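Heads up, the thing below is written out as structure tokens.
The values are calculated or read from the model by the stated rules, or taken from the named source; none is laboratory data. Because the structure is a prediction, the values reported are computed rather than measured. Counting neighbours? That spans all protein chains shown, and the Cβs are built from the backbone with ideal geometry, glycine included.
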Ligand code: AMP
Ligand code: ZN
């Protein structure tokens, strides 16, 4: 088997992948902040790292790979959204985590082995922060705990930015309680009525970066083999994770290989992001009845580090490629994937080359095995469902209909948006508008019920 080579962002070059322990290969990918529906750009890392996890399992054995992807379920945007809707943050996070799992499941993303939640690891974070203070890498100021950036001479190695760019890029508050403007928050106070935990520094909540460091330590150890996420996470998120963990672990590196995917953009614009308003969600694409395998293939059509331009034409092309593949796949029994496909993936996950090689395979069984390495086997086929349905439905709240196709509820985003709109109307005491929204939804067969923990809905 050819050597696996991965581009390591820290080294700025492709390196041969050698896990610390081939019987326990570890990968951690920063997962979603669950307060809105995932757009197709958010699906790119989920699909890319799903392919990498499949490749690792093929090389090292499924039982020898541990893949963790976290869920950020405490965050200012979640708190704000909960306040706007007059519900507990857990109502928001439960709703959007379910959506995320359904959307990624629909794209053939197998659930990670571990999906740790930030709110379940606050004691681990508190313990790590306390250690950082003890070691002289963090300090308490004005109810906050801050990481002392100048105390870490190696800070900045991952992002390789100069100091001013770092401060500007992090959009860090230049707060009076900071010793240095680059210092970042590990812990911040939470006022009564806002989600918070008791700590040695008063009632508060963690800053964003510390959760991944603490959860990696808890579930995978001081160092992981691969740490992944989108390009936008390199700085400040991964830079800060790296510094915290190294300083808390006497210099042990947080990750041996740093892997980052490039951005997906809407044709003709920049990165797809909610704030730019150029977003198409996975839910919307599925509602338009695009075959989910074609969406997955489209996401894999560019090399993961290259930009990917999303367009209807790309989806149509991907659908045509898929039809060609499925004509050959048939009901053949899976065998070992084709070595050309394995070779392409082993070269820094070259999925466009792997897809081209797939197109040349004539043997149905080999094609099937090769396509399934990319997660592209027809998902309605019996064997896929037998193997995956049980674990997916238990992990990911997917609903399966008896024919074996995934059922995606229509219009959930629409309903959620209407509920948000109604909550905003109520907050402005515009009860007429609020009642109108309720009546409109009722005429569509969607019934709202206001409960102490927020508005819930069901279909009539
Ligand atoms: P978020 O929920 O915004 O933290 O993003 C979840 C993951 O999606 C992170 O790994 C981001 O880097 C990644 N991501 C966000 N937007 C895009 C995009 N337009 N293209 C590719 N990856 C993205
Ligand atoms: Zn992270």
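Of the numbered criteria (1) closer than 25 Å to residue 257 by Cβ; (2) at pLDDT 95 or above, the one residue 154 fails is (2). For region 71-93, state whether one or more residues are within 16 Å of ligand 2 (Cβ to nearest atom), out of contact with any helix residue (DSSP H, G or I) (no Cβ under 8 Å at 6 or more places or on another chain) and under 26 Å from residue 293 (Cα atoms). Looking for residues that are within 16 Å of ligand 2 (Cβ to nearest atom), out of contact with any helix residue (DSSP H, G or I) (no Cβ under 8 Å at 6 or more places or on another chain) and under 26 Å from residue 293 (Cα atoms), one finds none in region 71-93, hence no. Being within 25 Å of residue 25 (Cβ to Cβ), in a loop (DSSP other than H, G, I, E, B) and in contact with a strand residue (DSSP E or B) (Cβ under 9 Å, 6 or more places away or on another chain) is a description that does not apply to residue 353. Filtered by the rule that a residue be out of contact with any helix residue (DSSP H, G or I) (no Cβ under 6 Å at 6 or more places or on another chain) and assigned to a loop (DSSP other than H, G, I, E, B), region 304-323 gives 305, 306, 307, 311. Output the residues belonging to region 322-352 that are within 29 Å of residue 273 (Cβ to Cβ) and modelled with pLDDT of 95 or more. Within region 322-352, 345, 348, 349, 350, 351, 352 meet the criteria.
Note on region 234-248: residues that are away from ligand 1 (no atom under 16 Å from the Cβ) and touching a helix residue (DSSP H, G or I) at 6+ places or on another chain (Cβ under 8 Å) amount to 5.
Yes or no, residue by residue, for (1) in contact with a helix residue (DSSP H, G or I) (Cβ under 6 Å, 6 or more places away or on another chain); (2) surrounded by fewer than 19 Cβ atoms within 10 Å (Cβ to Cβ):
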site: 108; (1), (2): yes, no
site: 125; (1), (2): yes, no
site: 137; (1), (2): yes, no
site: 141; (1), (2): no, yes
site: 149; (1), (2): no, no
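Residues in region 210-232 that are surrounded by fewer than 22 Cβ atoms within 10 Å (Cβ to Cβ) and closer than 25 Å to residue 181 by Cα were compared, and the one that is farthest from ligand 1 (Cβ to nearest atom) is 231.
Among the residues of region 96-116, are any touching a strand residue (DSSP E or B) at 6+ places or on another chain (Cβ under 8 Å), closer than 26 Å to residue 348 by Cα, more than 16 Å from ligand 2 (Cβ to nearest atom) and without any contact (Cβ under 8 Å) to a residue 60 or more places away in the chain? Yes, region 96-116 contains at least one residue that is touching a strand residue (DSSP E or B) at 6+ places or on another chain (Cβ under 8 Å), closer than 26 Å to residue 348 by Cα, more than 16 Å from ligand 2 (Cβ to nearest atom) and without any contact (Cβ under 8 Å) to a residue 60 or more places away in the chain. Within region 103-151, the residues that satisfy the criterion of being part of a helix (DSSP H, G or I) and farther than 27 Å from residue 203 by Cβ are 103, 104, 105, 106, 150. Just to be sure, is residue 308 buried (at least 23 other Cβ atoms within 10 Å of the Cβ), assigned by TED's automatic domain parsing to the domain that holds residue 358 and more than 16 Å from ligand 2 (Cβ to nearest atom)? Spelling it out, it is not the case that residue 308 is buried (at least 23 other Cβ atoms within 10 Å of the Cβ), assigned by TED's automatic domain parsing to the domain that holds residue 358 and more than 16 Å from ligand 2 (Cβ to nearest atom).
Looking at region 327-350 only, could you name the residues that are part of a loop (DSSP other than H, G, I, E, B) and in contact with a strand residue (DSSP E or B) (Cβ under 7 Å, 6 or more places away or on another chain)?
Here is the first cut: in region 327-350, the ones part of a loop (DSSP other than H, G, I, E, B) are 330-338, 348-350.
348, the sole residue that qualifies.
Screening residue 367 on (1) part of a helix (DSSP H, G or I); (2) touching a strand residue (DSSP E or B) at 6+ places or on another chain (Cβ under 9 Å); (3) crowded, with 20+ Cβ neighbours inside 10 Å shows it passes everything except condition (2).
Within region 186-245, track down each residue that is outside any helix (DSSP H, G or I), near ligand 2 (Cβ under 10 Å from one of its atoms) and at pLDDT 95 or above.
Of region 186-245, the ones outside any helix (DSSP H, G or I) are 186-208, 220-230.
Pick out the ones that are also near ligand 2 (Cβ under 10 Å from one of its atoms) and you get 208, 227-229.
Across region 186-245, the qualifying residues are 227, 228, 229.
Mind checking whether some residue in region 264-283 is surrounded by 19 or more Cβ atoms within 10 Å (Cβ to Cβ), within 19 Å of the chain's Cα centre (by Cα) and within 16 Å of ligand 2 (Cβ to nearest atom)? No, because not a single residue in region 264-283 is surrounded by 19 or more Cβ atoms within 10 Å (Cβ to Cβ), within 19 Å of the chain's Cα centre (by Cα) and within 16 Å of ligand 2 (Cβ to nearest atom).
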